[in-house]
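Chemist: Below are the structure tokens for one structure; questions will follow.
The values are calculated or read from the model by the stated rules, or taken from the named source; none is laboratory data. Since the model is a prediction, treat every value here as computed from it, not as a measurement. Positions of Cβ are backbone-derived with ideal geometry, glycine not excepted, and every protein chain shown enters the neighbour counts. Please note that ligands, DNA and RNA were not included when accessible areas were found on the heavy atoms of the full protein model with its side chains. Shrake-Rupley method; radii C 1.70, N 1.55, O 1.52, S 1.80 Å.
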Amino acid sequence: MANNKRIYSGKAKDIYETDQAGVLLMVYKNQATAGNGAKKEEIAGKGVLNQAITNKIFTYLAQNGIPTHLIKDLGQGQELVKQLTMFPLEVVCRNYAAGSLVKRLGVEKGSPIKGGMVEYFYKRDDLNDPFVNEANIYFLEAANPEQLKVINDLTLAVNQLLIQLFHKAGLRLVDFKLEFGETADGEIVLADEFSPDNARLWDEKTLASFDKDIFRNDQGNIIPFYQEVLNRLVEVLG
Ligand code: ADP
Ligand code: UDP
């Protein structure tokens, strides 16, 4: 890593070039942020856990027909991924109402959403990632209708696979955020990460949060909860 050039430093990950064209090294950070960076903290162990959880999930999704950017798990919070041209969209899928949906629509937290609901947010930190509809996305040229259909279909397919997977782990998949990118030859691929930083996971029995809401709501150390998510996934997936 020491010889690799860092080409991006984000809120949760650093990205480095590698010797191989089209291959990036992603290094997960311990930094936790909420409210678009308004609340910020270093949490020892978070990067390693989030990369390990992402690796489990992306490997499972790839085995079930979802194209992903993951090339190689390097462990210790690091992985090699395919370099993509990213769609500037945060693709949120919800199975139960929580977070911004509860505030926006005034519905009760935990209300079930049958079949899952896909929403799009425009990735622009300076605008606080605003909610956008399809017409907005085409106007912004963030994706074209064919690309958005693929993104929507892949997101719903991921949702069905992960509802079942987390159910086996005794967790309710409340909502999550995905990001997609495109390869040089136009294939649309799942990118970024899937971790308790970008998903809400509630224990099926107690409905307790096992995700970043613990940090957002100042409810203590997230690490034992993220570790438990990984342990349960290892139990289910091996
Ligand atoms: P942010 O940019 O929101 O602060 P991160 O710290 O997680 O988030 O940074 C990771 C960045 O890398 C994100 O901007 C994400 O869109 C981008 N990214 C994820 N996967 C890929 C990929 N395969 N190729 C290129 N960029 C990627
Ligand atoms: N999410 C994310 N990054 C964002 C915004 C949301 O990963 O910038 C995830 C969040 O963790 C949750 C889902 O997307 O699992 C839905 O988030 P919501 O729109 O409810 O926003 P929040 O109130 O969590 O900011």
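Chemist: Could you size up the charge dipole of the chain around its Cα centre, putting +1 on the beta carbon of Lys and Arg and -1 on that of Asp and Glu, and report it in debye to the nearest 20?
Modeler: Roughly 580 debye for the chain.
Chemist: Projecting each Cα onto the charge dipole of the chain (Lys/Arg +1, Asp/Glu -1 at the beta carbon, about the Cα centre), which of S111, Y60, T155 comes out farthest on the positive side?
Modeler: It is S111, whose Cα lies furthest towards the positive end.
Chemist: For the chain, state the semi-axes of the equivalent ellipsoid (square roots of 5 times the eigenvalues of the alpha-carbon gyration tensor), sorted largest first and rounded to whole angstrom.
Modeler: 25, 23, 18
Chemist: Next question. How large is log10 I(q)/I(0) at q = 0.12, 0.17, 0.19 Å⁻¹ when the Debye formula is applied to the Cα atoms of the stretch 15-90, each weighted equally and without solvent?
Modeler: Debye output, listed in q order: -0.40, -0.78, -0.94.
Chemist: Moving on to the next point. Please report the accessible area of E182 (heavy atoms, 1.4 Å probe, ligands and nucleic acids excluded) in Å², nearest 10.
Modeler: 50 Å²
Chemist: Calculated from DSSP H runs of 4 or more alone, at -39500 (n - 2.57) each and per residue, what is the 222 nm mean residue ellipticity of the chain, nearest 500?
Modeler: -10000 deg cm²/dmol
Chemist: Write down the accessible area per residue of the chain in Å², having rolled a 1.4 Å probe over the full set of protein chains.
Modeler: 50 Å²
Chemist: Select from T85, T59, T68 the residue whose mean-square fluctuation is largest in a Gaussian network model of the chain (Cα-Cα springs shorter than 10 Å).
Modeler: Of T85, T59, T68, the Gaussian network model singles out T85 as fluctuating most.
Chemist: Got a number for carbon plus sulfur as a percent of the chain's accessible area, 1.4 Å probe?
Modeler: Carbon and sulfur together cover 50 percent of it.
Chemist: Would you mind checking K13/K205; K29/K72; K56/K109 for any pair whose Cα atoms are more than 27 angstrom apart?
Modeler: Cα-Cα > 27 Å for K13/K205; K56/K109; rest within.
Chemist: Compute a Gaussian network model of the chain, connecting alpha carbons closer than 10 Å, and tell me which residue from L61, L207, L84 fluctuates the most.
Modeler: L207
Chemist: Okay, next question. Once the Cα atoms of the stretch 136-224 are picked out, what are the Rg and Dmax in Å?
Modeler: When restricted to Cα atoms, the stretch 136-224 yields Rg and Dmax of 15.9, 46 Å.
Chemist: May I pose another question? Mind putting together the pair-distance distribution for the stretch 57-129? All Cα pairs, 5 Å bins, whole percent per bin, short to long.
Modeler: Going out from 0 Å in 5 Å bins, the stretch 57-129 shows 3, 12, 14, 17, 17, 17, 13, 6, 1 percent.
Chemist: So how do R232, R124, R94 rank on accessible area, 1.4 Å probe, biggest first, that is with the largest at the start?
Modeler: Accessible-area ranking of R232, R124, R94, largest first: R124, R232, R94.
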